[in-house]
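Below: one structure, written as structure tokens.
Read-outs throughout are calculated quantities, based only on the coordinates presented, and are distinct from any laboratory measurement. Values in this document were obtained by computation on a predicted structure and should not be read as measured data. Cβ placement follows ideal geometry from the backbone for every residue including glycine, while neighbour counts extend to all protein chains displayed.
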Amino acid sequence: MAEIKEFVINDRRKFTAEGELRPEAKTAQRHSPEPGCSPEPGHSAPALKTPPIPFASTAPDGPAPVAAQVQATQVQESQAQESQLRESKVQASQVQESQLRESKVQETPLPTAEQAEQAKRAYDATVDRLDTAIRATNPGMERPPEITLQQVIQSLYMQALMQLGGAALPGQQPQVDLLGARQTIDMLVVLQQKTLGNRTPAETELLDTALFELRIDFLEVTQALSRSAVARQTQSATSPAGPSIPGTGPRIVR
């Protein structure tokens, strides 16, 4: 009968049943040299260093998280509220300024009937004292007549004539104020409209005649100024180097 030899079974598994690395596998891995490299005599191979494995970013590519979107929406709403608040403050300030201006205008109340009567009596008394002093200084001087509508019409009529160059002395060039003459004529028109139905026949005739004459004079002066301007332009075009001859027509007051 053949002799049976003993044999030994070595467990070369690196992990235990629980999934842990066996101590023998750790020692063998720590002392095993790298492929292609033989350790020098008397020196053990260095332990391998496993580089750390970088963790991949788990943030998904795409839209921002919901929390960030909510925060951005809140910021926008806050900014809109602040803008509306500023606008409301500006509008309120403008309303206050407008009300302040209106209140300042209304601060000056209209005079009452009693106040107006007191002012009239004080004015009449002052005028009487002034007339008395003038007559005392100039004996025989009569009291100046009261102002009537006819005097107002005549005063405005003479003022318009002077503005149209009617006050020029003989030999002098008339001084014309067209804008001033127009305003004076317009004053007579307003006076004509506001006194309609409250004038005597003599006052109506005087006012109508004054307006007619002033309007005719205004047209004549404007036509004369136009002819004078055309004559100067023609003379300048025909003889630009010649001396300018002063015109004899009216001159506009500037």
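If the condition is being under 15 Å from LEU161 (Cβ atoms), in contact (Cβ under 8 Å) with a residue 12 or more places away in the chain and either loosely packed, with under 12 Cβ neighbours inside 10 Å or within 44 Å of the chain's Cα centre (by Cα) (or both), then segment 179-210 contributes GLY180, ALA181, ARG182, THR184, ILE185, MET187, LEU188.
When residues in segment 161-215 are screened for being outside any loop (DSSP other than H, G, I, E, B), acidic (Asp, Glu), farther than 12 Å from GLN150 by Cα and touching a helix residue (DSSP H, G or I) at 6+ places or on another chain (Cβ under 9 Å), 1 of them pass. Taking each residue of segment 114-126 that is without any contact (Cβ under 8 Å) to a residue 12 or more places away in the chain and looking for partners that are assigned to a helix (DSSP H, G or I) and surrounded by fewer than 10 Cβ atoms within 10 Å (Cβ to Cβ) with beta-carbon atoms closer than 7 Å, six or more apart or interchain, yields nothing.
How about segment 217-237: which of its residues are surrounded by 13 or more Cβ atoms within 10 Å (Cβ to Cβ) and either within 17 Å of ARG182 (Cα to Cα) or among the acidic types (Asp, Glu) (or both)? Across segment 217-237, the qualifying residues are ASP217, PHE218, VAL221, THR222, ALA224, LEU225.
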